[in-house]
């Protein structure tokens, strides 16, 4: 009985499948129509001043009939993409079964199992979203295509429509882009290169990684030999190492920005057919200054990134690496690296919100938390100092004390509040920047302090129109969202100013009011500088992609110098503006020491000293610098000596 039910169900399913295929086949365009309607959308990107900075869209070469396509090209594609192409009806049961089993086993699509016909159906009629529903529609369309067209016609459509990376659609466009000649002249080695691109165009395209393209082509040649499509002698004679690629037009760092901006386009408009004009925030003069700064100051063998934001979040410059052609990886928006002491921003914000002030007296001394004993860069301890001085000189022990004061969970929460999107540790060491962060998130956080504690969200696109000037999107400023009270931001700005004026960030000075912070990770793997003026916030990161040490790399050196170089040029025509460092504290706010002890008899110029001029709590005597009323002063020179300074520590 069960067998009969199964047979009936199978028969019904077969009839339903036949009907679905017939309906799909009836709705298919004709062969000539498919030839004349390539898919793709042209997008022109404009800078802030209206200049076109990028034209993005598909590139199609000459349409080649099946007879014009070299046999080696057709054989290479069939060998690597669909070895049973000439034997199935559009769907390969073996490959499809294997793909579905792996999908069920692993919970995600790992291998496609799609035939050339299925890929053609997807490229023309469907999307790349991997779901069971799409796979079913893809299979129905593939069966319909096989009923409507011959194998030769299907292969002709496929080879003239498939995407090969670098903006090239079809084998002729790919051949011209990568080898400088028509596809009719493709050699076996060149055909193997092109056939190998379909699996992952962005990874294997010669314009992005020639070595990866050659390695993939070697796999194609081996598969062709194993399937008998070429002889062993032909395979052995194929020279992939000496293949010559056409030099690609030099892309500028603007492409880091346009890649990042255009990725947001789908959320702004659902237009996918008509050409688009995209108007952005990029300032070309600032971008040139950013390029120059990263190129000049980044240490040899290292990479650099820079992001500059206006107060409202408009991205004015973005450099994601030293050379876009060599590497399209955007280290400003994608790389996740430890931030070192630049992360102390969140520790001190939390402490200030808890009631700490820049003039509070703290003690730099050995401390152990949960078995961990942080050390300062100079390996020394300075005793008593103000919170302002501790931040300016990036004193690690005091930062840990501030973390203990508010709780390390609170520090992590403050980082998330200010826009850090990567996972944040809640261990004590988090206050010293051991969690991985992105430059764009850190720059956003510093910009939010510059804006008085109001959230700043980076944005790139101000308007999107069609080619006929129909407005599809117009940016409307968001309602301000307060992250911390203005007085908290003002006190934090006070600390950041001190770091630039007297502390580890002195190399970043630009001759106008400036606030900022350095960051250096262990063994000099990463160097950071983030800072802001009245109108602009800029973040700089430097380091190696493999996270190996870079000799001499410290946040207070190359990153701070690159920051200064950029900001001097970027702000040439911008009026000088003061930073807000003082605001009236909330009503009822009383400093803890004043409330409990009142003013001490030996308080002198912001430093608590005993009758002999020794800082309270021990430490070295303040015996350098000019005297004040006969008393030694704890000042910059003394801190330099005790902390092993006269070089930026972190």
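The values are calculated or read from the model by the stated rules, or taken from the named source; none is laboratory data. All figures in this text were calculated on a predicted structure; none of them were measured in a lab. Virtual Cβ from ideal backbone geometry, glycine too; neighbours counted across all protein chains shown.
Being in contact with a strand residue (DSSP E or B) (Cβ under 6 Å, 6 or more places away or on another chain) and either under 20 Å from residue 526 (Cβ atoms) or surrounded by fewer than 22 Cβ atoms within 10 Å (Cβ to Cβ) (or both) is the requirement here; does residue 426 meet it? Break it down stepwise before answering.
Values: in contact with a strand residue (DSSP E or B) (Cβ under 6 Å, 6 or more places away or on another chain): no; either under 20 Å from residue 526 (Cβ atoms) or surrounded by fewer than 22 Cβ atoms within 10 Å (Cβ to Cβ) (or both): yes.
No: the conditions fail for residue 426.
Taking only region 456-474 into account, find how many residues are more than 30 Å from residue 349 (Cα to Cα) and either in a strand (DSSP E or B) or within 23 Å of the chain's Cα centre (by Cα) (or both). Steps first, please.
Residues of region 456-474 more than 30 Å from residue 349 (Cα to Cα): 461-474.
From the residues that got through so far, the ones that are either in a strand (DSSP E or B) or within 23 Å of the chain's Cα centre (by Cα) (or both) too are 461-466, 471-474.
Number of matching residues: 10.
Considering only residues that are under 14 Å from residue 43 (Cβ atoms) and modelled with pLDDT of 90 or more, look in region 270-285 and name the one that is surrounded by the most Cβ atoms within 10 Å (Cβ to Cβ).
Checking each candidate, the answer is 278.
Results for (1) in a helix (DSSP H, G or I); (2) exposed (fewer than 14 other Cβ atoms within 10 Å of the Cβ); (3) more than 32 Å from the chain's Cα centre (by Cα), shown as yes or no for each residue.
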position	(1), (2), (3)
202	yes, yes, no
208	no, no, no
215	yes, yes, no
218	yes, no, no
221	yes, no, yes
239	no, yes, yes
244	no, yes, no
252	no, no, no
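Quick one: which of 323, 295 is modelled with pLDDT of 95 or more and either assigned by TED's automatic domain parsing to the domain that holds residue 520 or not in a loop (DSSP other than H, G, I, E, B) (or both)?
295
May I ask you to verify whether residue 189 is in the same structural domain as residue 120 (by TED's automatic domain parsing), outside any loop (DSSP other than H, G, I, E, B), at pLDDT 90 or above and touching a strand residue (DSSP E or B) at 6+ places or on another chain (Cβ under 9 Å)? First the steps, then the outcome.
Numbers: in the same structural domain as residue 120 (by TED's automatic domain parsing): yes; outside any loop (DSSP other than H, G, I, E, B): yes; at pLDDT 90 or above: yes; touching a strand residue (DSSP E or B) at 6+ places or on another chain (Cβ under 9 Å): no.
Judged against the criteria, residue 189 is not a match.
Right, residue 292: under 18 Å from residue 461 (Cα atoms) and surrounded by fewer than 21 Cβ atoms within 10 Å (Cβ to Cβ) or not? If you could, list the steps in order and put the result at the bottom.
Numbers: under 18 Å from residue 461 (Cα atoms): no; surrounded by fewer than 21 Cβ atoms within 10 Å (Cβ to Cβ): yes.
Answer is no for this residue.
Report yes if residue 347 is crowded, with 24+ Cβ neighbours inside 10 Å and out of contact with any helix residue (DSSP H, G or I) (no Cβ under 6 Å at 6 or more places or on another chain), otherwise no. Explain how you work it out, then say what you get.
Numbers: crowded, with 24+ Cβ neighbours inside 10 Å: yes; out of contact with any helix residue (DSSP H, G or I) (no Cβ under 6 Å at 6 or more places or on another chain): no.
Here the answer is no, as residue 347 does not meet what is asked.
Picking from 367, 440, which residue would you name as being surrounded by 16 or more Cβ atoms within 10 Å (Cβ to Cβ) and closer than 30 Å to residue 329 by Cα?
Working: 367 fails: closer than 30 Å to residue 329 by Cα.
Answer to the check: 440.
Kindly evaluate residue 107 against the criterion of being under 28 Å from the mean Cα position of the chain (by Cα) and either modelled with pLDDT of 80 or more or within 27 Å of residue 206 (Cβ to Cβ) (or both).
No, not satisfied.
Looking at (1) farther than 26 Å from residue 543 by Cβ; (2) in contact (Cβ under 8 Å) with a residue 40 or more places away in the chain; (3) out of contact with any strand residue (DSSP E or B) (no Cβ under 7 Å at 6 or more places or on another chain), find the lone condition where residue 476 falls short.
All conditions are met except number (2).
Scan region 507-524 and give yes if some residue there is touching a helix residue (DSSP H, G or I) at 6+ places or on another chain (Cβ under 7 Å), at pLDDT below 95 and surrounded by fewer than 24 Cβ atoms within 10 Å (Cβ to Cβ), otherwise no.
No.
For every residue, the table says whether it meets (1) under 26 Å from residue 576 (Cα atoms); (2) outside any strand (DSSP E or B).
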{"position": "491", "(1), (2)": "yes, yes"}
{"position": "497", "(1), (2)": "yes, yes"}
{"position": "503", "(1), (2)": "yes, yes"}
{"position": "511", "(1), (2)": "yes, yes"}
{"position": "527", "(1), (2)": "no, no"}
{"position": "530", "(1), (2)": "yes, no"}
{"position": "551", "(1), (2)": "no, yes"}
{"position": "555", "(1), (2)": "yes, yes"}
{"position": "563", "(1), (2)": "yes, yes"}
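Kindly establish whether residue 175 is under 36 Å from the mean Cα position of the chain (by Cα) and either at pLDDT 90 or above or buried (at least 23 other Cβ atoms within 10 Å of the Cβ) (or both). Walk me through how you get there before you give the answer.
On the way: under 36 Å from the mean Cα position of the chain (by Cα): yes; either at pLDDT 90 or above or buried (at least 23 other Cβ atoms within 10 Å of the Cβ) (or both): yes.
Yes.
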